[in-house]
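All of the numbers you see were taken from the coordinates with simple rules; none came from a lab. Worth saying up front: this structure is predicted, and the values here are computed from it rather than measured. Cβ sites come from the backbone with ideal geometry, for glycine too, and all protein chains shown count toward neighbours.
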Amino acid sequence: MLPVSVVIPTVGRPGPLRSCLDSIAACDPAAAEVLVVDQSHHPEVAAVVAAFGHIDARIIACHGRGVARGRNDGIRAAAHAVVLVTDDDCTVQPDWIGTARRLAEGRPGAIVTGRVLPVGDPRAVPSTKEATESHDFTGEHHGGSLFPNNMVLPRDGVLAAGAFDERFGPGEAAEDNDFSYSWLRSGKTIVFEPALVVWHHDWRSPAELEQLYIRYARGQGFFYAKHLRQGDMLMLRWIGRDLVWAARGTLSAVVKRHQRWTDPRRGIVRGMPGGLVAGWRTHGSAHKMKRSR
């Protein structure tokens, strides 16, 4: 039977992490190893992971910040060719590991992502996907095909592609969109399969959700600037699309009196310009360094 590694990045949330590990421990069949990539270095996180030694759970210390760094460290440390990734505020369906194995065996070399269902107030749970039809994104120019809290990765292929860009730091949450866009542009495959299911839990306050949506928009701006620096003019169309979404979000707030925390579009104006500037500077510096070598 195909052995798989599970990777869970965490920033010091022992309560949600325990629930996540409980759900993974309930999976049948089991993973060969479970790697918790800890950026908090908090003793309570270590204690939670130690309680799951029966599923071969262990801590991978991550000396840096940002989910891209956390995922990459976990993928590099994984002992097996197929790596399953979820987040510490998610729980998985009991057949998650078995379904992932089956899908990986059927699509070798592909990335598979699946459904992310909300637990709690759906308005307060970001990054969910409830579609019920399979979809193959191969050949599409798409920056939102990958849901990183529920994905099955070919370890060697992801590392050979450069993995997640760690220049997307804690303030820019779009490293998944950047990676999926580059992966698809290179002719590789991402498949959405609804049978692969995790649940994303409601825990953020309205103020935290507002800040998260600003981070998402800032990350999108960083992503657009990176590819604009590489001459990809499609980004201009996507920037225009996002500005239209922002206008619609503002109009909806006026007409329907929706609160800011319920609408991700409301973060675009506050977040995307700063991300564009930061991304332009960051990737401009990288381009200059390459030319000077």
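Working note: Debye formula, equal point scatterers on the alpha-carbon atoms of region 146-237, no solvent; log10 I(q)/I(0) at q = 0.11, 0.15, 0.19 Å⁻¹ is -0.39, -0.71, -1.07. Put a plus charge on the Cβ of each Lys and Arg, a minus charge on the Cβ of each Asp and Glu, and nothing anywhere else: the dipole of the chain about its Cα centre is then about 1500 debye.
Projecting the Cα atoms of VAL92, HIS227, ALA78 onto the charge dipole of the chain, computed from C-beta unit charges around the Cα centre, puts HIS227 farthest toward the positive end. Per-residue ellipticity at 222 nm, computed for the chain from helices alone with -39500 (n - 2.57) per DSSP H run of at least four residues, works out to -14500 deg cm²/dmol.
Between GLN259 and SER205, the modelled labels are 1.2 nm apart [label points 7 Å from Cα along Cα→Cβ]. Between ARG237 and GLU140, the FRET efficiency estimated from the beta carbon spacing at R0 = 25 angstrom works out to 0.95.
Each Lys or Arg adds one and each Asp or Glu takes one away; over the other residues whose Cβ falls under 15 Å from the Cβ of PHE168, this sums to +2. Between the C-alpha center of region 119-139 and that of region 62-91 there is a gap of 21 Å.
Beta bridges assigned by DSSP with both partners in the chain are antiparallel in approximately 35 percent of cases.
Taking the C-alpha atoms only, the angle from helix 96-106 to the longest principal axis of the chain is near 80 degrees.
Computed over the chain, the alpha-carbon pair-distance distribution with 10 angstrom bins reads 6, 27, 36, 23, 7, 0, each value a whole percent. Other residues within the sphere of radius under 10 Å centred on the Cβ of GLY109, judged by their own Cβ, net out at +1 (K and R +1, D and E -1).
For every other residue with a beta carbon closer than 13 angstrom to the beta carbon of TRP203, add +1 if it is Lys or Arg and -1 if Asp or Glu, then tell me the sum. Display every interim value, and only then the final one.
Values: positive: ARG13, ARG204; negative: ASP87, ASP88, ASP89, ASP121, ASP202, GLU208.
Local net charge: -4.
A straight line joining the Cα centroids of region 260-278 and region 199-250 runs 6 Å.
Each of SER252, ALA217, VAL277 was scored by the projection of its Cα onto the charge dipole of region 206-292, and the greatest displacement toward the positive side belongs to VAL277; charges sit on the C-beta of Lys, Arg, Asp and Glu. For the chain, the longest principal axis of the Cα atoms and the long axis of helix 67-77 meet at an angle of about 40 degrees. Between the listed residues ALA160, TRP238, ALA207, the Cα displaced farthest toward the positive end of the dipole of the chain, a dipole computed from Cβ unit charges relative to the Cα centre, is found at TRP238. Annotation for region 33-55 versus region 154-188: alpha-carbon center distance of 25 Å. Computed over Cα pairs, the Kirkwood radius of region 97-168 leads via Stokes-Einstein (1.002 mPa s, 20 °C) to a diffusion coefficient of 153 µm² per second. Taking Cα atoms only, the orientation of helix 234-256 departs from the longest principal axis of the chain by about 90 degrees. Modelled spin-label separation between ASP95 and HIS41, with each label point placed 7 Å from Cα along the Cα-to-Cβ direction: 4.3 nm.
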